[in-house]
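Below you'll find the structure, written out as structure tokens, and then a few comments.
The values are calculated or read from the model by the stated rules, or taken from the named source; none is laboratory data. Note that this is a predicted model, so its numbers are computed, not measured. A quick note on method: Cβ atoms are made from the backbone with ideal geometry, for glycine too, and the neighbour counts reach across all protein chains shown.
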Amino acid sequence: MSAPLISLTGIRVTLGGGGDLIEEATIAVSAGDRIALVGRNGAGKSTMLRIMGGLIEPDGGEIARRPGLRAAYMAQDPQTPAGTTVRAYIEEGLVEAGQGDRHYRVDQVAVPLSLDPERQMSELSGGTRRRAALARALAIEPELLMLDEPTNHMDLPTIEWLEGELQRFRGGLVVISHDRAFLERVAGSVAWLYRRRLTRYDMGYQAFETQIEDLRAEEDQRLAKMADKLARETLWLNEGLTARRKRNERRARAVHELRATLATERQDIERTRARAGIAVATADTSGRLVIEAENLVKHFDTPSGPITVADGFSTRIMRGARVGIIGRNGAGKTTLVKMLIGELQPDQGEVRLGTNLEIAYFDQHRAALDPEATLWDTLADGGGDQVVVRGQPRHVVAYLRDFLFDEGQARQKVKALSGGERNRLLLAKLFLKPCNLLVMDEPTNDLDLDTLELLEDVLDQYDGTVLLISHDRAFLDRLATSVIAVDGDGVITEYAGGWSDADTQRRKAAEAAREAGRVEAAARRAEAKPQEKPRAQAPQKLTFKEARELDLLPKTMEKLEAEIAKLAETMADPGLYARDPAAAQAAAERTAAARAELDAAEERWLELEEKREAIAAAKARP
């Protein structure tokens, strides 16, 4: 077994106010390891990853890195420089890794991530900056790759591309993510940061999920044994003892220590297992028909050209439906939803909304949150110290506790919160409003897995109707009764079931379309092929020209194959792209042309050889 790329032993991180965030954490990462680092928001996952990446130092413990280790780290909220292009930003990472001569890697990673290498970093949205940081990490082809929430704000096609890249990756991978389907596809083991301790389980994420309850049951059993022992020792203590005997004094002290330990353990477990008290304030029941859209058409003019979001889309959404909306970033998912709820008018077509609708909208950009406001003022925006929760007054701090905020955070400004905390605050604000149509645009970003599962439970039990834009496949599979796929260029298709059902139907439809295209193409070729006039007698031999061509074609094919191999060797030189871009482009164009010539030569040789064999067979017949 090869030596680890990096090993951390006895890592300890102390909180500013005292106490440890992480204690005695030990883990080693070797080439081929694909580790999911999981735990609740605030457990210290990002801190652990930053220690591994060398960005911060722990308060205790040892770190051993293999000499010359090429490592890449992508932060959850990457801080990217202004005044530079995407290309320069990625190339800067190559230079830092000692690979400044590999500029061709920029386009190889930027294109699949839908990045324009010439775009200014200052012009990018938060999600696009994240993709640029991911491209920079992948470009150096690291031996150790550390990714903190890489799929946030990514669309499904890009996530699936990333999954393929990571499945082929042969280095060591440590990834933090809330996307369960992503973790199941890329992770081979799980490192669980729970109650300040880090434990590794060599199993996939799905198997780990099923084992969590067993692990917690073992923890409860251990606490029960401690409680039984404390009860017996307390009884002995109460029955009296000879206080002057040193042995009894030690036993009495041990009882007090056990009582304190048990109390601390219980309090710690309650805190780490606490679940947000999320519930939606439901308005009066809406009409049976919620939304009916007929022949919606919507176009936009943008600096890069016109965009068609919808071109004749129709749907009917009934009360109680949970409709998932999927599609590439920029395809028009949010635009479609805003048309469906009447916030945006279509260019053509009609939207009819049902009766008695009360709509609540969760905005992925968190525009409803004022960064300078406190959590208290965000919820009690009319002043005072109470909010109305499902018709009942509730103290602001108590309501914040339902969403796992500490009392000390009530007067904290929103801008000091993490991404996951901001999402929880937005959910708390949203769910104060009674509604029967809940519209959620990417609600799962930055949520920890426990809160994500609770949100699923709440939405599953919600009496109203839900429109849900999401890239989280497990979330959609759990909740969606139908899926609307916004594929761009005005193509919008609705499927029954969750994401997996929609994906299966889309693949079958695509294969059927390909097969229909092959049949149609064959029919066109047959129609275009000139009908041969019947001949009185089959040819007795190839013409002189055909025979000569049949003799020369093998040499021509051999020459073309040799040329293609030589061109491939030329283009394999990574320095060619930086040294002579024009020569690199010419080599690529000539390769394509040579392949086309080779295909034509092989087809012609096959045609002549079949004709020669037919003539020979005719002569052999009596």
Taking segment 67-77 as the search range and keeping residues that are surrounded by fewer than 18 Cβ atoms within 10 Å (Cβ to Cβ) and at negative phi, which one is nearest to the chain's Cα centre (by Cα)?
-> 77
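For residue 181, indicate whether it is assigned by TED's automatic domain parsing to the domain that holds residue 69, surrounded by 19 or more Cβ atoms within 10 Å (Cβ to Cβ) and closer than 23 Å to residue 97 by Cβ. Let's see the steps before the verdict.
Values: assigned by TED's automatic domain parsing to the domain that holds residue 69: yes; surrounded by 19 or more Cβ atoms within 10 Å (Cβ to Cβ): yes; closer than 23 Å to residue 97 by Cβ: no.
Taking the combined requirement at face value, the residue does not satisfy it.
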The condition from (1) at pLDDT 90 or above; (2) of a type in the set (Asp, Glu); (3) exposed (fewer than 14 other Cβ atoms within 10 Å of the Cβ) that residue 515 misses is numbered (1)
Is it fair to say residue 210 is farther than 18 Å from residue 44 by Cβ and either surrounded by 15 or more Cβ atoms within 10 Å (Cβ to Cβ) or touching a Cys at 6+ places or on another chain (Cβ under 7 Å) (or both)?
-> no
State which residue is farthest from residue 71 (Cα to Cα) when the search covers only segment 114-145 and only residues that are surrounded by fewer than 22 Cβ atoms within 10 Å (Cβ to Cβ) and among the charged types (D, E, K, R).
-> 123
Which of (1) modelled with pLDDT of 85 or more; (2) surrounded by 15 or more Cβ atoms within 10 Å (Cβ to Cβ) is the odd one out, the single condition residue 262 does not satisfy?
-> (1)
What tally of residues in segment 129-157 results from selecting those that are within 25 Å of residue 325 (Cβ to Cβ), touching a Lys or Arg at 6+ places or on another chain (Cβ under 8 Å) and in a helix (DSSP H, G or I)?
-> 2
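Filter segment 382-416 for residues that are charged (D, E, K, R) and surrounded by 14 or more Cβ atoms within 10 Å (Cβ to Cβ); which is farthest from residue 125 (Cα to Cα)? Explain how you work it out, then say what you get.
Initial filter on segment 382-416 (charged (D, E, K, R)): 385, 390, 394, 401-402, 406-407, 411, 413, 415.
Narrowing further to those that are surrounded by 14 or more Cβ atoms within 10 Å (Cβ to Cβ): 394, 401-402, 413.
Values: 394: 37, 401: 32, 402: 32, 413: 23 Å.
Here the answer is 394.
Working carefully through the options 175, 111, find the one that is under 30 Å from residue 507 (Cα atoms), touching a residue at least 60 places away in the same chain (Cβ under 8 Å) and among the β-branched types (Val, Ile, Thr). Let's see the steps before the verdict.
Values: 111 fails: touching a residue at least 60 places away in the same chain (Cβ under 8 Å).
Going through 175, 111 in turn, just one is under 30 Å from residue 507 (Cα atoms), touching a residue at least 60 places away in the same chain (Cβ under 8 Å) and among the β-branched types (Val, Ile, Thr): 175.
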So which residues in segment 186-204 are touching a Phe, Trp or Tyr at 6+ places or on another chain (Cβ under 9 Å) and touching a residue at least 12 places away in the same chain (Cβ under 8 Å), if there are any at all?
-> 186, 187, 189, 190, 191, 192, 198, 200, 201
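Any chance segment 392-400 includes a residue that's without any contact (Cβ under 8 Å) to a residue 60 or more places away in the chain and of a type in the set (Ser, Thr, Tyr)?
Let us first name the residues in segment 392-400 that are without any contact (Cβ under 8 Å) to a residue 60 or more places away in the chain, namely 392-400.
Now drop any that are not of a type in the set (Ser, Thr, Tyr), which leaves 399.
Yes: one or more hits.
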